[in-house]
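See below for the structure under consideration.
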Amino acid sequence: QVQLVESGGGLVQAGGSLRLSCAASGTIFVINAMGWYRQAPGKQRELVATITSGFTTNYADSVKGRFTLSRDNAKKTVYLQMNSLKPEDTAVYYCRADVMVTRFSAERTYWGQGTQVTVSS
C-alpha cells in the first residue's frame, strides 16, 4: 500500500507565503507524476501544479508566477512553495502521486488526505 502524508497548510494573510510538502511511503517501485490539486467549498477539485519524474512542471494559469513546484526523488517528496497568496487560493489542497508498486504493475493514482490552506484578506 502507498501512503501520501501532507503537511504545511495553515492560515496566512493575503500576500503571505506557505510551503506544502507531501511525502510518499510504502511499497513503491517508481513514482511518475506528482502534484497538487485543490478544492474550494462548493467547487470542483482543480489542478494546481504537476511535475513529472523528469522534473517537467505544469501550472494552472491562476498560480503561474506565484507558486513553485519541486520534488526530491530520493525522498519521494514533492513541495509546493506558494507566494503572494490571495483569498481565492483558500481551499483544501490534495497531493496526488501516480505510482507503480512493482515493475510489472499498472500505474495507479494515490491521493493524500488533504490539508487546509486559508488566506485572509
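The values are calculated or read from the model by the stated rules, or taken from the named source; none is laboratory data. Computed from a predicted structure; not experimentally measured. So basically every Cβ, Gly included, is an ideal-geometry build from the backbone, and we count neighbours across all protein chains shown. Side chains are part of the model used for accessible areas, which takes the heavy atoms of the whole protein and leaves out ligands, DNA and RNA. Shrake-Rupley method; radii C 1.70, N 1.55, O 1.52, S 1.80 Å.
First check a/c for the stretch 20-74, with a ≥ b ≥ c the square roots of the eigenvalues of its C-alpha gyration tensor; if it is under 1.5, answer rounded, and if not, answer prolate when a/b is larger than b/c or oblate otherwise. Oblate. Ligands, DNA and RNA left out, the 1.4 Å accessible surface of the chain is 49% carbon and sulfur atoms. About its Cα centre, the stretch 1-108 has a charge dipole of approximately 100 debye under the convention of +1 per Lys or Arg Cβ and -1 per Asp or Glu Cβ, with nothing else charged. Total lysine pairs in the chain at Cα distances under 26 Å, for residues eight or more apart or on different chains: 5. Extension gain for the segment ASP61 to ARG45, taken as residue separation times 0.36 nm less the Cα-Cα distance, is 4.2 nm to one decimal.
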